[in-house]
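Chemist: One structure, pasted below without further comment.
We did not get these values from a lab; they are worked out from the coordinates using the rules stated. Remember, it's a predicted structure, so these values are computed and weren't measured experimentally. Please note: Cβ atoms are built from the backbone with ideal geometry, for glycine as well, and neighbour counts cover all protein chains shown.
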Amino acid sequence: MVKIAASILNADFGNLGREIKLAEEAGAQLLHLDIMDGHFVPNLTLGPQVVKSLRPHTRLPFETHLMVTDPEKFSTPFINAGSNLILFHIEAVPRPEKLLKEIKTGGVRVGLVLNPPTPVKTLLPYLDLIDQVLVMSVNPGFGGQKFIPGALDKISVLDAERRKRGLRFEIEVDGGVNPKTSALCRKAGVDILVVGTYLFQAKNIKEAVRSLLS
Ligand code: DX5
Ligand code: ZN
């Protein structure tokens, strides 16, 4: 069974505590926090203080997706704010071993993220060091974009690679996920779907969760 990570990027930022509760009650298993620095991507979102304020509002694990130029500077503040998993981009840190180890030493899970133009082979040397791979199916920066189908091949390659090497990292996809693209991703071997717009703009969020899983 795949898991749903609710992305609050397109939720009501005036009522984040309530929005998170709704997503949790609807059946999301993870909360996906999109952190943007206005430099690595052309948008700005949340800092560690906001993440810390959200922590008491839910029991869901926090996965923190760092879309920032210097994840080395920001991983510790987000761990201290209550993150359970830190995801950073291979495009921002092409030699990620040191930071991967540092984050693990901080006592949380760690994952690498791949932008649509970046080939999947750039991640292959690091698969035994990580808990999760996040395959971007949109160019990062904004919610509500259209799914880029090239992500499906990357998911299949990663799934084949983990079987071949007996690894246990989870595969997650982020951007443009709806019932149709969810079915394609599940077929390709995905474990976790990041869903923003489709959940938070739905009339009935419980029904939206169900339709992503069936
Ligand atoms: C995009 C973010 C995603 C995105 C997902 O930069 O990383 O998490 O907000 O939202 P939807 O589901 O709207 O594509
Ligand atoms: Zn994200």
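Chemist: Gaussian network model of the chain, Cα springs within a sub-10 Å range: biggest mean-square fluctuation belongs to which of 193, 134, 44?
Modeler: Result for the chain, Cα springs under 10 Å: 44 fluctuates most.
Chemist: Fewest to most neighbouring Cβ within 10 Å: what's the order for 7, 214, 75?
Modeler: 214, 75, 7
Chemist: Report relative contact order for the chain in percent, whole number only (criteria: Cα-Cα under 8 Å, sequence separation at least 6).
Modeler: 22 percent
Chemist: With +1 on each Lys and Arg Cβ and -1 on each Asp and Glu Cβ, how big is the dipole of the range 119-182 about its Cα centre, in debye rounded to the nearest 20?
Modeler: Using Cβ point charges on Lys, Arg, Asp and Glu, the range 119-182 gives about 200 debye.
Chemist: To the nearest 20 debye, what charge dipole does the chain have about its Cα centre, counting +1 at the Cβ of each Lys and Arg and -1 at the Cβ of each Asp and Glu?
Modeler: Here the size comes out at about 480 debye.
Chemist: Shifting gears a bit: Neighbour counts of other C-beta atoms within 10 Å: give me 174, 70 arranged from fewest to most.
Modeler: Ordered from fewest to most neighbouring Cβ atoms within 10 Å, 174, 70 come out as 70, 174.
Chemist: How large is the Kirkwood hydrodynamic radius of the chain, in angstrom, based on all distinct alpha carbon pairs?
Modeler: Across the chain, the inverse of the average 1/r is 17.0 Å.
Chemist: Within a 10 angstrom radius of the beta carbon, how do 126, 198 rank from fewest other beta carbons to most?
Modeler: On the way: 126 17, 198 24.
Ranking 126, 198 by Cβ neighbours within 10 Å, fewest first, gives 126, 198.
Chemist: Would you work out the charge dipole size for the range 15-135 about its Cα centre, treating the Cβ of every Lys and Arg as +1 and the Cβ of every Asp and Glu as -1, and quote it to the nearest 20 debye?
Modeler: So the magnitude is around 240 debye.
Chemist: Okay, next question. So which of 73/180; 52/73; 98/164 end up more than 29 Å apart by C-alpha?
Modeler: 73/180
Chemist: If you take every residue apart from residue 81 with its C-beta less than 11 Å away from the C-beta of residue 81, what net charge results, scoring Lys and Arg +1 and Asp and Glu -1? Walk me through the numbers on the way to the answer.
Modeler: Numbers: positive: 52, 55; negative: none.
Neighbourhood net charge equals +2.
Chemist: In the range 53-94, whose amide N lies under 12 Å from the spot 7 Å out along Cα-to-Cβ of residue 43? List them in ranges.
Modeler: Under 12 Å, as judged by backbone N against the label point of residue 43, lie 67 of the range 53-94.
Chemist: Let me ask another. So what's the Cα pair-distance distribution over the range 85-162, bin width 10 Å, in %?
Modeler: Calculated over all Cα pairs of the range 85-162, the distribution is 18, 51, 28, 3 percent.
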